[in-house]
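*Asks:* Okay, here's the structure, questions in a sec.
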Amino acid sequence: MTKLSVNINKIALLRNSRGGNLPDVLKAALDCERFGAQGITVHPRPDERHIRYSDVRELKPILSTEFNIEGYPSEKFLDLVHEVKPHQVTLVPDAPDALTSNAGWDTIKNKALLKEVIERLKKDNIRTSIFVDTDLDQIEGAAATGTDRVELYTENYAAAYPLNPEVAVEPYRKAAHRAHKYGLGINAGHDLNLHNLSFFNKNIAHLAEVSIGHALISDALYLGLENTVRLYMRQLQ
Ligand code: PXP
């Protein structure tokens, strides 16, 4: 079954807006696990506008599911992940001031950087994943970096799904097929939600994990966190 990793950045964003500890990010992560999520994802950004580096350090010893840390491989980010040693690091190419990740890596142009970072992470037994678009040359480029997995950037799928789900998923099917052929594990994320998740999961062979934040936390405002996590889990069965 495809694993659900809940991205808790939005919980941290809400907390930071008032300066106190409400909502409690650590408790929310533990509750997501208790409600059935099989992983927790965080994306610490250089300005710490949502998840703080201190949150990341505090989360690692208390989580019992898979911990996935996403980010651009700056030296500061790499120091953090080498210290915390999560199960997985997902490398994203976004600029420090990006609102959210908005493109996959150019794995061909950045081969040397990615290879070097991935080698360093593997020395610490950290599984690596790199955020990619569906372009098949980029998937081939990803395989050449030595990464364990790719994370397919699903914004285009999510945007096209309401118009024509079959057309929306086709490039992802091909990309996943190619990634699997190269021996890469397959993750996916960005703009996945209660409407489009099940169809994606059914159509993408070997999908190991999805990480979902924005829609899931937004749904939780109406449905409650427990119901919401369980509903997302149900889409993956
Ligand atoms: N994957 C990556 C690499 C991301 O940067 C994000 C957003 O932080 C997600 C997945 C989750 O996207 P969303 O918040 O739209 O579910």
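Each value in this text was obtained by applying a stated rule to the coordinates, not by laboratory testing. Note that this is a predicted model, so its numbers are computed, not measured. Glycine also receives a Cβ, built like all others from the backbone with ideal geometry; neighbour counts cover every protein chain displayed.
*Asks:* What whole number of Å gives the distance from the Cα centroid of the range 73-148 to the Cα centroid of the range 36-51?
*Replies:* So the separation of the two Cα centres works out to 16 Å.
*Asks:* Here's another thing I want to ask about it. Just need the Rg to Rh number for the chain, please, alpha carbons only, Kirkwood Rh.
*Replies:* My calculation of the ratio gives 0.94.
*Asks:* Straight distance only, please: which aspartates and glutamates reach the Cα of residue 3 with their own Cα at less than 20 Å, same-chain residues fewer than 8 apart left out?
*Replies:* Reachable aspartates and glutamates: 31, 33, 66, 70, 148, 151, 155, 191, 209, 219, 226.
*Asks:* Per residue and in Å³, how big is the convex hull formed by the alpha-carbon atoms of the range 53-163?
*Replies:* On the way: hull volume 13.4 nm³, N = 111.
Residue-normalised Cα hull volume stands at 121 Å³.
*Asks:* What Rg and what Dmax come out for the range 102-237 when only alpha-carbon atoms are used, in angstroms?
*Replies:* 15.5, 45
*Asks:* Please report the net charge: other residues with Cβ closer than 13 Å to the Cβ of residue 75, K and R +1, D and E -1. Don't jump to the answer; show the numbers that get you there.
*Replies:* Details: positive: 76, 120; negative: 79, 83, 116.
Within the 13 Å Cβ shell, the charges total -1.
*Asks:* How large is the translational diffusion coefficient of the range 106-151 in µm² per second when you combine the Kirkwood radius over alpha carbon pairs with Stokes-Einstein at 25 °C and 0.890 mPa s?
*Replies:* Value of D from the Cα-based Kirkwood radius: 237 µm²/s.
*Asks:* Mean separation of Cα pairs under 8 Å and 6+ residues apart, divided by the residue count of the range 93-231: what relative contact order is that in percent? Don't skip to the end; give the middle numbers.
*Replies:* Working: 210 pairs, mean separation 25.6, N = 139.
Normalised by residue count, the contact order of the range 93-231 is 18 percent.
*Asks:* Let me ask something else about it. Which entries in 10/181; 122/174; 27/174; 109/181 show an alpha-carbon gap greater than 32 Å?
*Replies:* Violating the 32 Å limit, Cα to Cα: 10/181; 27/174.
*Asks:* When only Cα pairs under 8 Å and 6 or more residues apart are kept, what is the percent relative contact order across the range 33-81?
*Replies:* Averaging sequence separation for qualifying contacts and normalising by length gives 42 percent for the range 33-81.
*Asks:* Continuing with the same structure: Quote the relative contact order of the chain in percent (integer), defining contacts as alpha-carbon pairs under 8 Å separated by 6+ residues.
*Replies:* Relative contact order here is 20 percent.
*Asks:* For the range 150-237, state which chymotrypsin sites (Phe, Trp or Tyr not before Pro) are in a DSSP loop and have at most 15 other beta carbons lying within 10 Å of their beta carbon. Intermediate results must be reported in sequence, preceding the final value.
*Replies:* Working: sites: 153, 157, 172, 182, 199, 200, 222, 232; in loops: 182.
Sparse-neighbourhood loop chymotrypsin sites (Phe, Trp or Tyr not before Pro): 182.
*Asks:* If you rank 167, 210, 84 by fewest surrounding Cβ atoms within 10 Å, what's the result?
*Replies:* Fewest-to-most ranking of 167, 210, 84: 167, 84, 210.
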